[in-house]
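In what follows, a structure is listed as structure tokens, so that the remarks can point back to it.
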Amino acid sequence: MAYGKVALIGLGLIASSIIHAMRRAGMTAEIAGFARTPETRDAARRLGLGTVVDTAAEAVEGADLVILCVPVGAMEAVTAEIAPKLKPGVTVTDVGSVKGAVIAAVAPRLPAHARFIPGHPLAGTEHSGPAAGFAELFDNRWCLLTPLPDTNGEALADLVDFWRALGAKVDMMGAEHHDLVLAVTSHVPHLIAYTMVGVADDLSRVTASEVVNYSAAGFRDFTRIAASDPTMWRDVFLNNKEATLEILGRFTEELFALQRAIRLGDGAHLRDYFTRTRAIRRGIIDAGQDTSAVDFGRFASKPG
Ligand code: NAP
């Protein structure tokens with residue numbers, strides 16, 4: 001492994017999963033971690049998540065790889081804090097769900113000697129915190145890296161090897177494209193789930209106990225997604241505004257078209273539409289990104 005010491009800033013779901021996956025891979029690197037609150041730091045200590053220190057600056061001292069694992073909106077402040085303590089030639093990466101805004105927040109605050117390679121593992125669950133992590137989280141999941149024009153080739157190769165050792169597949173793309181792709185595959189779907197659960201909550205003619213007791217699989221899936229961390233998702237929407245609004249605009253147009261088909265009794269339109277969407281589900285299963293196993297939402301499932 002190229003890194004003698006790895007520092008994780010933020011010790012939640014993603015950081016703790018990285019630590020578990022590093023250990024599973026047999027990596028011997030020294031691991032240092034920092035989280036904002038004493039409660040999370042104590043929990044991380046109890047869980048044995050490396051050497052947990054009380055400041056971010058202390059965590060990165062002597063580190064060869066620094067991974068920013070905080071909500072997107074906190075990236076700028078933590079970068080400003082760690083910048084003076086970074087070792088020359090250090091690789092700094094992040095796991096934030098938005099890339100354009102993170103690059104704008106982090107890159108200008110790093111010293112010239114640091115090698116910044118933005119990243120985003122497409123793996124998660126609706127759970128958060130240091131106890132939520134597990135070693136298999138990244139297995140067979142994509143980790144997208146969005147290198148900058150001046151990214152050092154050797155540092156990039158080392159980071160690709162690191163993510164592969166954690167079980168992930170690695171791909172690269174531009175930050176702007178990443179943010180559009182994720183708006184389609186993750187950000188807008190989350191917004192739709194939040195909305196649908198909010199609608200059910202607002203519908204006074206359907207009681208809360210009916211929503212809970214008679215929830216069909218579709219609604220249950222929405223509630224799982226809508227249980228995701230509020231801070232993380234607030235930051236995603238505030239920082240991927242343009243792409244989210246573009247996809248949301250298209251979504252609204254399609255919704256109106258389906259609404260019209262229902263009103264007009266246009267069954268052919270509905271059937272054709274649902275046939276097309278079913279094929280996308282098959283494609284995801286064929287690509288190994290989900291299984292076709294029947295899941296009524298009653299099994300303890302790890303991948304999100
Ligand atoms: P998480 O479980 O909620 O953990 C977040 C960590 O960041 C906690 O240790 C928290 O410390 C710390 N933190 C929060 N605000 C901070 C601040 N202002 N300064 C310093 N530390 C702060 O979150 P996560 O799910 O691991 O997500 C971390 C990052 O990964 C986010 O950028 C998210 O967009 C990205 N991501 C998430 C998923 C997912 O599905 N969850 C998937 C891919 C990428 P305290 O507990 O002490 O507050």
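The values are calculated or read from the model by the stated rules, or taken from the named source; none is laboratory data. From a predicted model like this one, the values you see are computed outputs, not experimental measurements. Cβ coordinates were reconstructed from backbone atoms using ideal geometry, including for glycine residues, and neighbour counts include every protein chain displayed.
Here are the numbers for the structure shown:
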quantity: Residue within the stretch 199-216 that is within 16 Å of the ligand (Cβ to nearest atom) and either in the same structural domain as CYS69 (by TED's automatic domain parsing) or not β-branched (Val, Ile, Thr) (or both) present; calculated: no
quantity: Some residue of the stretch 82-103 being without any contact (Cβ under 8 Å) to a residue 12 or more places away in the chain, away from the ligand (no atom under 14 Å from the Cβ) and assigned by TED's automatic domain parsing to the domain that holds ALA131; calculated: no
quantity: Residue count for the stretch 1-57, restricted to those that are among the basic types (Lys, Arg) and within 12 Å of the ligand (Cβ to nearest atom); calculated: 2
quantity: Enumerated helices (runs of 4 or more DSSP H) restricted to the stretch 173-229, each holding at least 2 residues that are surrounded by 15 or more Cβ atoms within 10 Å (Cβ to Cβ); calculated: 175-182, 188-202, 217-226
quantity: Any hit, the stretch 151-159, residues being touching a Pro at 6+ places or on another chain (Cβ under 8 Å), within 16 Å of the ligand (Cβ to nearest atom) and not basic (Lys, Arg); calculated: no
quantity: Scan of the stretch 6-61 for residues that are within 18 Å of ASP158 (Cβ to Cβ) and among the hydroxyl-bearing types (Ser, Thr, Tyr), ordered by number; calculated: THR28
quantity: Subset of the stretch 111-141 (residues that are farther than 18 Å from LEU159 by Cα, more than 9 Å from the ligand (Cβ to nearest atom) and touching a Leu at 6+ places or on another chain (Cβ under 7 Å)); calculated: PRO111, ALA131
quantity: Members of the stretch 209-259 that are touching a residue at least 60 places away in the same chain (Cβ under 8 Å), among the β-branched types (Val, Ile, Thr) and more than 19 Å from THR185 (Cβ to Cβ); calculated: THR231
quantity: Index of the failed condition, THR223 passing every other in (1) within 24 Å of SER128 (Cβ to Cβ); (2) more than 27 Å from the chain's Cα centre (by Cα); (3) polar (S, T, N, Q); calculated: (2)
